[in-house]
Every structure is written in structure tokens, then in C-alpha cells.
1. So how far apart, in nm, are the two label points at residue 225 and residue 245 if each is 7 Å from Cα heading toward Cβ?
2. Of the residues 294, 101, 138, which exhibits the maximal mean-square fluctuation in a Gaussian network model of the chain defined by a 10 Å Cα contact cut-off?
3. Determine the order of 282, 195 by accessible area, beginning with the largest, at a probe radius of 1.4 Å.
4. Could you calculate the contour length gain from residue 291 to residue 154, that is, 0.36 nm times the residue separation minus the distance between their Cα atoms, to one decimal place in nm?
5. At what distance in nm do the modelled label points of residue 24 and residue 272 sit from each other, each positioned 7 Å from its Cα along Cα→Cβ?
6. Distance in nm between label sites at residue 16 and residue 211, each 7 Å beyond Cα in the beta-carbon direction?
7. If you plug each phi of the stretch 100-109 into the Karplus form 6.51 cos²θ - 1.76 cosθ + 1.60 with θ = phi - 60°, what whole-Hz ³J(HN,Hα) values come out, in order, with x for Gly and Pro?
8. Size of the stretch 204-247 along its principal axes in angstrom, Cα-based, largest extent first?
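The values are calculated or read from the model by the stated rules, or taken from the named source; none is laboratory data. All values derive from a computational prediction rather than experimental measurement. Virtual Cβ from ideal backbone geometry, glycine too; neighbours counted across all protein chains shown. Note: accessible area is taken over every heavy atom of the protein model, side chains too, but ligands, DNA and RNA are not part of it. Shrake-Rupley method; radii C 1.70, N 1.55, O 1.52, S 1.80 Å.
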Amino acid sequence: MPKPGVFDLVNKAKWEAWNSLGSLPKETARQNYVDLVSSLSPSAEASSQGKHEADEKAQKSKDIVVTSEDGITKIVLNRPTKKNALTFEMYQDIILALKNASTDNSAITVFTGTGDYYCSGNDLTNFTSAAGGMEEAASKGAVVLREFVNSFIDFPKPLVAVVNGPAVGIAVTLLGLFDAVYASDKATFHTPFSHLGQSPEACSSYTFPKIMGSAKATEMLLFGKKLTAREAWAQGLVSEVFPDSTFEKEVWTRLKGYAKLPPNSMRISKELIRNNEKEKLHAVNAEECTTLKAKWLSEECINAIMNFVSRKAKL
Ligand SMILES: CCCCC/C=C/CC(=O)SCCNC(=O)CCNC(=O)[C@H](O)C(C)(C)COP(=O)(O)OP(=O)(O)OC[C@H]1O[C@@H](n2cnc3c(N)ncnc32)[C@H](O)[C@@H]1OP(=O)(O)O
């Protein structure tokens, strides 16, 4: 239905709430509702059991490790033998981890990677190994991607990326939705979408030109120019670069200090910085997912993925 006018406050709020769900599957919407109600009445045994199961699932995930200590919830991409490439399961686990982190006791939430890479982006075999073939994988991919990116857009606490090594594809584009990005000088930032017959995601078609200007964003998003950490800092994508030898020590010392700041104050300041953009970001996310779904079924993209899988091509 058309969006109600600004003076129709109730129906406008309802319309926006429905619209922000996008094409969220009915089952997921139902589960989210159950989880929300459970969190409102923790004494209801059945409800709280559901919440515990959800928490455990996130903790038990083999490729994502979630810990909470010193006021920091840490979400670690833990698939180093595959350069932390993101499987369908990892996208789902991260959605759940962010949902839990948004209501846990921590003040800030941090993403980082295990091993030499931060993350090599989408696992390119997500599409080739899907049971129902490319068509089904593209449809599922668009729904999962939209929900995944929405969970970053809506995340209420300070979100920090500790980029320990090279970042590729969606691991780079998502950084535009983080509140701070700290990088080792060994990190690189690469978005080879045209090489892969794909198009930008995670709202980068909007956030990157805004952060670095359209000329620099074009070099990254259209031409796949790989940036060093210092270049990414100069373009405003990275907050600060540290020598790799002292990176972990310096960054975690600093983050532990930040995590002691009054959490509600940080949350409200984030809200002020981000909230007036949310509607726009949700609309950009929806459009990017629709575009990508079509690109994933294009000959350019299928050839690029097949070349990688058959070991003919690498970045
Ligand atoms: C819900 C769906 C959402 C979809 C959202 C879309 C996002 C778009 C993107 O993210 S685009 C970016 C996609 N990523 C890539 O194209 C990277 C592909 N990988 C490479 O080019 C290289 O592996 C490398 C440059 C990252 C690293 O090269 P290196 O020589 O150092 O190491 P290996 O190639 O030997 O890698 C070790 C093993 O890891 C596997 N691997 C690495 N990255 C990926 C990946 N993205 N997808 C699948 N597999 C990956 C690699 O195949 C090796 O596996 P093996 O040891 O079994 O051979």
C-alpha cells in the first residue's frame, strides 16, 4: 500500500515497521515475535527456555565465536582455513549474535577475524553447492542478505571492526555501517564486484560515496581498486591504522577503556548520529538485494564463480 502521509502518525509508523521487515520469511518473523515476548516476561519458563536455546545456538556455532567480557561482546569470524569466507550458516549466526548482543550487558560490540585474514567475503561456493541450484540459491541469498544487512543498520550499540588482515567484498562494504574501524597496517580493502559480475551490497552504493566522495567510491566499487589500510584511512573508511606488531595490544586496551563509558549515553549518541538515515539505508538495502539477485543469475557472475571454484581464477 502507498506510504501514509506525515500527519497520519499511527499508520505511517505501522507502514514503516512492516516495510523494515522486507521479505522476512513468515517463520522468522514469528520466531522474532516469540523471542521479543520472551524477553519481556523472563519469568515465563517456556519463553525463557526459547531464549536460552537461541543464545546457545549462537555460542555453539562452529565458524562464529561469540564471547562477552569487560563490557565488550566480541564476534569472531573463525574459519581461518577458508580465510573466514562467509557461509549461509555464518550469515544466520551473525544475525542471531547481533540480536543477542543488542540486549546483553555489554557496552560495545566488536567484529574481528581469526588467522591472517579479516574475511574474504561471501563464500563463493554458497551458490554452487545449494541443493536447489542457482535460482533457489539466489532467492535465498537475497532474503538472507537483506535480513543480515538490516541487523547492522538497526544495531543500537557502538559497533567496531578490528580489521586484523585483508578484507574482501561484503566484509569491506559492511564497514560503512560500523561506528569505528581499526585496522592493522597489513589489512587491505578490496571490493572486486565487477570482476565477479556482481554489484555493491551492504548499503555501500550509498555509504561509500558519502564517506569518500563518488570518484573514490567508483574506483573501489566499479573498478575493484584494492586499498591499503593507510589509503582506506585517508578516504575515511578506517578510523585509525596501527602497526601489525602492536595492533592487538593497542586496540584491545583502547576498546576496554571505551567499554567503561556510560553505555546509555553512547547508545543515545549513536541514535542521534544514525537514526535520521535509517529509512534511507533500509531502502538502499532492499534495492541492492533485488539488483544482486538478478546479477547472481547472470552469465557474467556464473562464469566468475565457476572460474574460482574450478581454480582458474583468484583475486
Ligand atoms: C547471503 C549471501 C550474501 C552474498 C553477499 C555478497 C557478497 C559479495 C562478496 O563478498 S564478493 C567477494 C567474494 N570473495 C572473493 O571473491 C574471494 C575469493 N578468494 C580468493 O580470491 C582467494 O582465496 C584469496 C585472495 C582471498 C586468498 O588467496 P590465497 O592464495 O592467500 O589463499 P587460498 O586461495 O589458497 O585460500 C585458502 C582457502 O580458502 C578458500 N577461500 C578463500 N576465500 C574464499 C571465498 N570467498 N569463497 C570460498 N572459498 C574461499 C580457498 O578456496 C582455499 O580453499 P582450499 O584450501 O580448499 O583450496
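1. In this crude label model, residue 225 to residue 245 measures out at 3.1 nm.
2. In the Gaussian network model the winner is 294.
3. 195, 282
4. Gain on stretching residue 291 to residue 154: 47.1 nm.
5. Going by the 7 Å Cα→Cβ label model, 2.9 nm.
6. The modelled label-to-label distance comes out at 2.5 nm.
7. 5, 5, 5, 10, 7, 7, 6, 8, 9, 10
8. If we take the Cα atoms of the stretch 204-247, the spans are 33, 18, 14 Å.
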